[in-house]
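Working notes, structure below.
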Amino acid sequence: MQLDAIQLFCDIAREGSISDGARLHGVTQSAASQRTMALERELGVRLIDRGTRPLQLTAAGDIYLQGCREILDRYEHLTRQIAEPAGTIRGAVKVAAIYSAGIDLLNRVAARFEAEHPEVRVRVDYRQPGTVHESVRDQRVDFGIISYPRQWRGLSARSLRQETMVVVCRAGHPLAACEVLGPSSLLNHPLVGFDSSLPIANQTRTYLRRNGGDTALSHTFDNIDTIKAYVSRSDEAAILPHRAVAREVADGVLTAIRLEPALTRPVAIVTPPGRSLSAPAKALIEALIADDTSSPAREPATLAV
């Protein structure tokens, strides 16, 4: 069996869709379906359960997928040994990231990375934390970016950054004149926050409770962009990562006030344990870490305006 057929099968399994796998290979859905059925005839087993959406693998398909990945990893390692002396990397990198990982930041790094490595293409999909975890665990992506990595079992984590959390409100809000706020100072001000299903919600609630600021949230949302938009047009405040609101603060739309005691959010790059990453994936991870270390947009010493 040729490597391109093996790669096609792996991509169909990863995407959970024959049409999406076909698109990645530049072939029609019919051609991709025929190739996978030819593969099944050759092996004498059924690999894909076509009666489910998204598609699921059979037990034999799971075993075959693992073996195919090992073959592709070994082939990638071989080509990397040949290509690395010339400094050339090629291929695709697929990343799953939580919404609050910083869409502007990741897009900027990805664009610069592609410019430096013209034969690499980067795709970043933004998802809820649980979906990011599943995508990495099931090896549908090369790596993921999540917060509070200890919440997610079965993954290997590498620290990307520690993000400072701040009180965020609209410009002109009564809290906007403060330079520092303690949790107890927020008791008389309505707060909005994240849905309780998200790790950031539980961590923030624990912080407030331990520091005398336990208060019920007036509204909850499942993503950071909705919270920012709501706060900018209301008299309610929120506790968010400073990095995620830096642009709105610079534009004068929002105000960020430092919290004492400090609250931080760990953000990490996660991969399936024991998996050998491709050369493009490794290089992109190093680029993300290097950018975060050297970026002038890192957490400033003074957050209030």
> Looking at residue 119, is it farther than 16 Å from residue 267 by Cβ, modelled with pLDDT of 90 or more and not assigned by TED's automatic domain parsing to the domain that holds residue 203?
Replying inline: no
> Do the conditions hold for residue 181, that is, is it crowded, with 18+ Cβ neighbours inside 10 Å and either farther than 30 Å from residue 24 by Cβ or modelled with pLDDT of 95 or more (or both)?
Replying inline: yes
>> When you check residue 126 against the structure, is it aromatic (Phe, Trp, Tyr), under 22 Å from residue 289 (Cβ atoms) and not in a loop (DSSP other than H, G, I, E, B), yes or no?
In response: yes
>> Tell me the residue from 134, 70 that is of a type outside the set (S, T, N, Q), more than 12 Å from the chain's Cα centre (by Cα) and not assigned by TED's automatic domain parsing to the domain that holds residue 194, please.
In response: 70
> Which condition does residue 164 not pass, out of (1) more than 28 Å from residue 57 (Cα to Cα); (2) part of a loop (DSSP other than H, G, I, E, B), if it passes all the others?
Replying inline: (2)
>> Here are the criteria: (1) touching a residue at least 12 places away in the same chain (Cβ under 8 Å); (2) exposed (fewer than 13 other Cβ atoms within 10 Å of the Cβ); (3) farther than 30 Å from residue 224 by Cα. Tell me which single one residue 76 does not satisfy.
In response: (2)
>> Return the residues of the stretch 222-276 that are over 22 Å from residue 106 (Cβ atoms) and part of a loop (DSSP other than H, G, I, E, B); say none if nothing qualifies.
In response: 233, 234, 235, 236, 252, 260, 261, 262, 263, 273, 274, 276
>> I'm checking my understanding of the structure. Among residues of the stretch 31-57 that are out of contact with any Ser or Thr (no Cβ under 8 Å at 6 or more places or on another chain) and among the small types (Gly, Ala, Ser), which one is nearest to residue 14 (Cα to Cα)?
In response: 33
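The values are calculated or read from the model by the stated rules, or taken from the named source; none is laboratory data. Values in this document were obtained by computation on a predicted structure and should not be read as measured data. We place every Cβ from the backbone using ideal geometry, glycine too, and count neighbours over all the protein chains shown.
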